[in-house]
1. By average Cβ neighbour count within 10 Å, what is the ranking of 16-29, 49-62, 91-104 from highest down?
2. Treating the angle as unsigned and between 0 and 90°, give the value, to the nearest 10°, between the Cα long axis of helix 100-114 and the longest Cα principal axis of the chain.
3. For the pair E117/A25, report the inter-label distance in nm, with labels modelled 7 Å from Cα in the Cβ direction.
4. For the chain, just the Cα set please: Rg and Dmax, both in angstrom.
5. Given the pairs K53/K136; K49/K112; K48/K96; K48/K101; K53/K118, which are separated by over 18 angstrom at their Cα positions?
6. Enter the accessible area per residue of the chain (Å², integer; probe 1.4 Å; all protein chains in place).
7. Find how many whole Å separate the alpha carbon centroid of region 114-137 from the alpha carbon centroid of region 16-51.
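The values are calculated or read from the model by the stated rules, or taken from the named source; none is laboratory data. Just so it is clear, the model here is predicted, and its values are computed rather than measured. All Cβ positions, glycine included, derive from the backbone under ideal geometry; neighbour counts span all protein chains shown. Surface accessibility is based on the protein's heavy atoms, side chains included, excluding ligands, DNA and RNA. Shrake-Rupley method; radii C 1.70, N 1.55, O 1.52, S 1.80 Å.
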Amino acid sequence: MSSRREARERALQALYAFTVGGDDADHVIETIIDDSLGNDKVARDFAKKLFLKSLDTTELADELVSSYTKNWELSRIALVDRLLLRLAICEMIHFKDIPPKVSINEAIEVSKRFSTEKSGQFINGILDAVLIDLHKQGKLNKKGRGLIGMEALLGKKPEADG
């Protein structure tokens, strides 16, 4: 397992503990992220940033998800799926170096370990729609590799260089 995947899993567990347990963020970071990723500073720092930025992005992520689940109250979506959606949306918005499709694929892969059999399809559908929405709103701030595939996703042909 890549250290980024493990960091994403720890960030998910930290969000879960924060949401269910009600502990403060520092305690959750110390007991879940720092303890499990101890010597891997890069993974530990990534997990902390992802966890904290996800907390900051919760309202926006929930609004985006709600706009694509018209017949479902957000509270009816499985908690782990909601948290995975928040993490992936956070990555799309705040992590310029991570291609959006990587964030989506990682959310799907983590769902296979922590959620239901059908969660991956659900998460994929919501995140694909959110990705297009974020791009149209100008909230997708990606550079370099982060833009690869956006033209195809939006049905545009890439512009020629020069």
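1. Details: 16-29: 14.4, 49-62: 17.9, 91-104: 19.8.
Descending mean neighbour count gives 91-104, 49-62, 16-29.
2. That works out to roughly 40 degrees.
3. Calculated label separation equals 3.8 nm.
4. So, for the chain, Rg and Dmax equal 15.8, 55 Å respectively.
5. In this structure, K53/K136; K49/K112; K48/K101; K53/K118 exceed 18 Å between Cα atoms.
6. Details: 8950 Å² over 162 residues.
Spelled out: the 1.4 Å probe surface of the chain, per residue, equals 55 Å².
7. What the calculation gives is 24 Å, centre to centre.
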